[in-house]
Amino acid sequence: MSKEQSKALFYTQGVEEVLKSLDTSVDGLSTAQAKERLDAYGYNELDEGEKRSLLSKFIDQFKDLMIIILLVAAALSIITEGRHGLTDACIIFAVVVLNGAFGVYQEGQAEAAIEALKNMSSPMARVRRDGNVVEIDSRELVPGDIVLLEAGDVVPADMRLIEAASLKIEEAALTGESVPVEKDITETVEAEAGIGDRVNMCYQNSNVTYGRGTGVVTNTGMYTEVGKIADMLANADESQTPLKQSLEQLSKTLTYLIIAIALVTFLVSVFIRGEQPLEGLMVAVALAVAAIPEGLPAIVTILLSLGTTTLAKRNAIVRKLPAVETLGSTEIIASDKTGTLTMNQMTVEKVYTNGQLQNADTELGADNTTLRIMTFANDTKVDPDGKLIGDPTETALVQFGLDHNFDVREVLKSEPRVAELPFDSDRKLMSTIHKEPDGSYFVAVKGAPDQLIKRVTRIEINGEVRPITDEDKQAILAVNKDLAKQALRVLMMAYKTTSEIPTLESEVVESDLIFSGLVGMIDPERPEAAEAVRVAKEAGIRPIMITGDHQDTAEAIAKRLGIIDPNDTEDRVITGAELNELSDEEFQKVFKQYSVYARVSPEHKVRIVKAWQNEGKVVAMTGDGVNDAPSLKTADIGIGMGITGTEVSKGASDMVLADDNFATIIVAVEEGRKVFSNIQKSIQYLLSANMAEVFIIFFATLFGWDVLQPVHLLWINLVTDTLPAIALGVEPAEPGIMTHKPHGRQSNFFDGGVFGAIMYQGVFQTILVLAVYGWGLVFPEHHTQAEIHADALTMAYATLGLIQLLHAFNVKSVYQSVFKVGLFRNKTFNWAIPVAFILLMATIVVPGFNNLFHVSHLSFTQWLAVIVGSFLIVVLVEIVKATQRALGKDKDAI
């Protein structure tokens with residue numbers, strides 16, 4: 001199919017013009033024509049795209065700077081340290097391989113989106129071929145085919161309708177609009193109309209919910225609207241998450257720092273201490289390897305995994321680990337309306353009966369005529385489980401009756417339906433005729449107020465029927481207008497009683513009617529959504545609504561939720577048609593003023609997301625339909641719907657809401673902020689400890705001291721680094737975490753005072769360890785030089801390990817006192833510190849470990865020096881924190 005033909009605006013053309021341009025007729029194609037077109041256009045299916053091998057995916061995982069640094073460090077440690085270096089290298093290599101394997105797995109999960117899109121296609125289609133109706137595989141459909149549709153069918157291709165009988169098609173997967181669209185073959189549509197407004201078209205993967213119809217295939221395969229979405233999905237730019245950006249920045253910072261320290265150490269060793277260049281190089285490389293927090297990638301992965309577990313318990317299923325942290329960075333939440341902010345269930349909200357407008361919860365008697373009509377003129381079915389099946393508008397009316405103790409199933413046993421006039425899109429009315437117990441017939445009519453009011457001659461108020469006046473009609477139309485302004489879908493109810501079944505013609509059945517009432521319906525907002533919007537705004541997050549629904553409905557819901565201030569006089573709503581008139585440059589200048597986007601297409605959603613991203617904002621996008629998939633993939637975090645969402649939207653998402661609830665997003669944001677804060681704490685803890693180790697080795701090299709052995713550093717990094725760092729990752733959220741502004745894309749793990757804390761805390765640890773080491777040399781317990789040095793080395797080793805365990809308490813908050821944030825409120829922390837302490841002490845006090853770890857048994861005085869020196873880290877940090885709070889530095893915290 002040519003691009004020109006695929007872009008033809010068939011919805012702007014009449015039926016004859018469409019048939020002519022597609023070179024077909026209402027009798028369909030011949031078998032020969034179909035084969036010829038199939039050869040020319042290809043199968044009606046989506047392209048799979050180029051698939052990469054597992055090996056290439058795995059290799060791509062090693063292009064991260066931190067991973068490259070770790071691999072180089074592993075190689076150098078083997079070259080310079082031999083057997084000791086091999087242990088370090090094995091640990092580093094294991095971490096790298098595990099991270100790579102996980103990355104490949106996540107990429108495979110993301111590719112499932114296109115496959116899910118393919119699997120949605122209708123397997124079979126009924127078409128006219130050679131003048132006969134036959135059933136064929138929908139893959140074999142070609143432009144020009146005539147396809148027959150009826151209720152329950154999945155539309156197999158994009159089609160221009162040529163026949164329609166009360167045809168309604170649910171297009172929520174493409175448009176996001178919850179109510180099925182009434183189709184009209186005679187109406188031509190403006191060129192700029194969105195998908196939801198093209199009432200003479202039907203699109204692949206939409207569902208026929210009512211009536212029947214016939215259409216001519218206009219586009220197949222990748223040229224359908226679904227195909228365009230698949231192409232956008234395959235080519236969508238996946239933005240880099242704030243977590244990846246922060247880790248890359250951290251990697252670069254560490255690289256420069258490690259190179260600088262290693263270079264200085266090499267120069268000191270060679271030019272000041274007079275060592276051979278090779279020996280100096282070995283010392284520098286050993287120090288550089290010690291400076292790398294090789295456990296950091298694994299710890300970050302563990303913390304993110306723990307975050308996913310917590311979120312899963314709260315109905316947020318995370319598909320990609322970085323999404324946990326990205327949630328905490330979120331500045332914009334672009335939410336779909338239907339099902340996320342609303343209940344996705346049409347509900348009666350207002351009833352105008354007996355001359356009074358009342359809320360839906362006001363009690364109505366079972367003899368109320370309006371209540372009877374809305375449930376009589378209704379095709380809703382009830383399955384054995386009591387579930388209502390049918391058009392959402394009609395099921396809402398029956399549910400309203402059930403809520404008011406009016407069970408239409410029971411009533412129909414005594415007042416059965418004997419005839420009907422089905423809904424028709426031309427007259428916009430539906431009528432049913434019921435036989436009453438007294439032998440008369442009750443005609444129930446419901447429909448559009450502007451049509452039904454013309455057929456009303458009388459009015460009922462409190463059981464009394466009288467002729468209707470112009471004043472009555474004006475009052476009715478005024479109520480109708482007021483309800484419409486509130487974005488309620490309004491239906492009018494009317495009736496009459498006859499002695500016999502009237503002729504089943506509209507002019508007879510639907511004339512000389514008695515007005516009974518009006519019913520206003522809407523898909524109402526979720527009860528908790530307004531509070532969630534308020535919390536989001538308080539947290540510095542801007543919620544915006546992007547929907548395929550009508551402008552008035554979207555605006556009304558947005559005001560009820562607080563997304564738009566009801567008192568705001570600015571225009572905060574824009575439609576897809578208006579958006580089409582703006583270039584990308586023009587839109588970029590004005591997009592911030594809009595909080596609601598109505599009647600939008602998939603391309604519009606991607607434009608909106610990119611506009612915010614161009615401003616440097618972190619954007620979360622929700623969606624449930626096929627049309628949402630490209631924007632879900634483009635957004636920093638795509639959020640799919642677990643209940644109403646298509647497999648396509650779920651596959652393109654980073655996170656799926658098990659309850660389809662906007663409030664769950666806010667819960668997830670809070671968890672994301674907590675995860676970011678806890679990763680900061682772990683990084684602060686690890687880097688301050690590593691800095692202390694580097695400084696200790698540097699000064700020991702400078703002064704020729706034997707302070708720490710490689711096995712000491714290895715055991716301390718394995719025990720006192722890992723367990724406390726993981727425990728810090730599950731710290732409860734600090735108070736007020738949802739009152740801060742989002743840390744956004746530009747921030748990193750060193751923000752909020754973390755970098756300064758790493759520096760001064762690393763220096764404190766260095767001074768205390770070297771001070772205790774010096775104490776051991778100045779106040780010896782033995783006489784031989786070897787024993788004195790062994791005791792001093794043991795004291796330094798014990799002090800460094802114990803300092804790091806106690807320092808973990810300091811890191812619970814950058815500025816707040818550890819006694820305020822809570823010493824023991826983290827259960828994981830409460831057992832991690834004692835376990836790490838036991839493992840550390842076992843290397844000193846358990847017989848047999850002395851030789852392995854090159855340590856000696858210490859006296860009571862020496863242990864006292866170790867304990868005092870270690871506890872001083874808490875005292876010193878508390879003093880610094882108190883000074884910082886007094887200076888107002890804590891206001892910088894995120």
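To keep it simple, each residue is scored yes or no on (1) over 30 Å from Ile522 (Cβ atoms); (2) of a type in the set (Gly, Ala, Ser); (3) crowded, with 24+ Cβ neighbours inside 10 Å; (4) in contact with an Asp or Glu (Cβ under 8 Å, 6 or more places away or on another chain).
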| residue | (1), (2), (3), (4) |
| --- | --- |
| Val142 | yes, no, yes, no |
| Asp153 | no, no, no, no |
| Asp158 | yes, no, yes, yes |
| Ile162 | yes, no, no, no |
| Ser166 | no, yes, no, yes |
| Pro180 | no, no, no, yes |
| Glu187 | no, no, no, no |
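Is it the case that some residue within region 490-502 is assigned by TED's automatic domain parsing to the domain that holds Arg427, surrounded by fewer than 14 Cβ atoms within 10 Å (Cβ to Cβ) and in a helix (DSSP H, G or I)? Step through it out loud before you land on a result.
Our first condition is that a residue be assigned by TED's automatic domain parsing to the domain that holds Arg427; within region 490-502, this holds for 490-502.
Restricting the remaining residues to those that are surrounded by fewer than 14 Cβ atoms within 10 Å (Cβ to Cβ) gives 497, 499-501.
After this cut, where a residue has to be in a helix (DSSP H, G or I) as well, the list is none.
So far as region 490-502 goes, no, none of its residues is assigned by TED's automatic domain parsing to the domain that holds Arg427, surrounded by fewer than 14 Cβ atoms within 10 Å (Cβ to Cβ) and in a helix (DSSP H, G or I).
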Given (1) in a helix (DSSP H, G or I); (2) modelled with pLDDT of 85 or more, index of the condition Ile185 fails: (1)
Test: residue in region 617-637 that is farther than 13 Å from Ala334 by Cβ, outside the structural domain of Thr766 (by TED's automatic domain parsing) and without any contact (Cβ under 8 Å) to a residue 40 or more places away in the chain: no
Neighbours by Cβ (under 6 Å, 6+ apart or cross-chain): first from region 445-459, at positive phi; second part of a helix (DSSP H, G or I) and of a type in the set (Val, Ile, Thr): none
First in region 584-609 and more than 14 Å from Met232 (Cα to Cα), second anywhere and assigned to a loop (DSSP other than H, G, I, E, B) and of a type in the set (Lys, Arg), Cβ under 9 Å, 6 or more apart: Gln593/Arg572; Tyr594/Arg572; Ser595/Arg572; Val596/Lys337; Val596/Arg572; Ala598/Lys337
Residue check for Val199: of a type outside the set (Gly, Ala, Ser), touching a Phe, Trp or Tyr at 6+ places or on another chain (Cβ under 7 Å) and either assigned to a loop (DSSP other than H, G, I, E, B) or surrounded by 24 or more Cβ atoms within 10 Å (Cβ to Cβ) (or both): no
Subset of region 377-431 [at pLDDT below 85 and farther than 22 Å from Val348 by Cβ]: Pro384, Asp385, Asp424, Ser425, Asp426
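Answer yes or no as to whether Asn678 is within 30 Å of Glu528 (Cβ to Cβ), assigned by TED's automatic domain parsing to the domain that holds Ile788 and either crowded, with 20+ Cβ neighbours inside 10 Å or free of Cβ contacts under 8 Å to residues at least 60 places away in the same chain (or both). If you could, list the steps in order and put the result at the bottom.
On the way: within 30 Å of Glu528 (Cβ to Cβ): yes; assigned by TED's automatic domain parsing to the domain that holds Ile788: yes; either crowded, with 20+ Cβ neighbours inside 10 Å or free of Cβ contacts under 8 Å to residues at least 60 places away in the same chain (or both): yes.
Here the answer is yes, as Asn678 does meet what is asked.
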Positions within region 450-479 being more than 27 Å from Glu500 (Cβ to Cβ) and crowded, with 21+ Cβ neighbours inside 10 Å, in sequence order: Ile476
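So, Val711, is that one surrounded by fewer than 23 Cβ atoms within 10 Å (Cβ to Cβ) and closer than 30 Å to Thr342 by Cα or not? Outline the logic, then answer.
Working: surrounded by fewer than 23 Cβ atoms within 10 Å (Cβ to Cβ): yes; closer than 30 Å to Thr342 by Cα: no.
Considered against the rule, which asks whether it is surrounded by fewer than 23 Cβ atoms within 10 Å (Cβ to Cβ) and closer than 30 Å to Thr342 by Cα, Val711 comes out as no.
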Scope region 321-372; condition surrounded by fewer than 20 Cβ atoms within 10 Å (Cβ to Cβ) and more than 30 Å from Ile666 (Cβ to Cβ); matching residues: Asn354, Gly355, Gln356, Leu357, Gln358, Thr362, Glu363, Gly365, Ala366, Asp367
All helices (runs of 4 or more DSSP H) inside region 374-454 with 3 or more residues being within 38 Å of the chain's Cα centre (by Cα) and assigned by TED's automatic domain parsing to the domain that holds Phe515: 392-403
Answer from Ile229, Ile259 - the residue that is modelled with pLDDT of 75 or more, outside the structural domain of Asn678 (by TED's automatic domain parsing) and either on the phi > 0 side of the Ramachandran plot or surrounded by fewer than 21 Cβ atoms within 10 Å (Cβ to Cβ) (or both): Ile259
Test: residue in region 737-755 that is of a type outside the set (D, E, K, R), without any contact (Cβ under 8 Å) to a residue 24 or more places away in the chain and over 30 Å from Ala536 (Cα atoms): no
Residue count for region 651-665, restricted to those that are in contact with a helix residue (DSSP H, G or I) (Cβ under 9 Å, 6 or more places away or on another chain) and either of a type in the set (Gly, Ala, Ser) or surrounded by fewer than 24 Cβ atoms within 10 Å (Cβ to Cβ) (or both): 8
Test for Glu135: is it in the same structural domain as Asn207 (by TED's automatic domain parsing), free of Cβ contacts under 8 Å to residues at least 60 places away in the same chain and assigned to a strand (DSSP E or B): yes
Residue match in region 347-363 (condition: basic (Lys, Arg), under 30 Å from Ile563 (Cα atoms) and part of a strand (DSSP E or B)): yes
Test: residue in region 763-777 that is part of a helix (DSSP H, G or I), within 44 Å of the chain's Cα centre (by Cα), in contact (Cβ under 8 Å) with a residue 60 or more places away in the chain and within 30 Å of Glu670 (Cβ to Cβ): no
Positions within region 607-635 being modelled with pLDDT under 90 and not small (Gly, Ala, Ser), in sequence order: Thr622, Asp624, Val626, Asn627, Asp628, Pro630, Leu632, Lys633, Thr634
Tabulated pairs, region 500-528, first modelled with pLDDT under 90, second of a type outside the set (A, V, I, L, M, F, W, C), C-beta under 6 angstrom, 6+ apart or interchain: Asp523/Ser178; Asp523/Thr342; Pro524/Thr347; Glu525/Thr342; Glu525/Arg560
Residue check, Asp571 farther than 18 Å from Ser335 by Cβ and free of Cβ contacts under 8 Å to residues at least 24 places away in the same chain: yes
Qualifying residue in region 816-835 (condition: among the hydrophobic types (A, V, I, L, M, F, W, C) and under 19 Å from Glu693 (Cα atoms)): no
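Say whether the condition of being among the basic types (Lys, Arg) and part of a helix (DSSP H, G or I) is met by at least one residue in region 658-677. I'd like the intermediate steps shown before the answer.
Here is the first cut: in region 658-677, the ones among the basic types (Lys, Arg) are 673-674.
Now drop any that are not part of a helix (DSSP H, G or I), which leaves 673-674.
Within region 658-677, one or more residues are among the basic types (Lys, Arg) and part of a helix (DSSP H, G or I).
The values are calculated or read from the model by the stated rules, or taken from the named source; none is laboratory data. Because the structure is predicted, anything quoted here is derived from the model rather than measured. Counting neighbours? That spans all protein chains shown, and the Cβs are built from the backbone with ideal geometry, glycine included.
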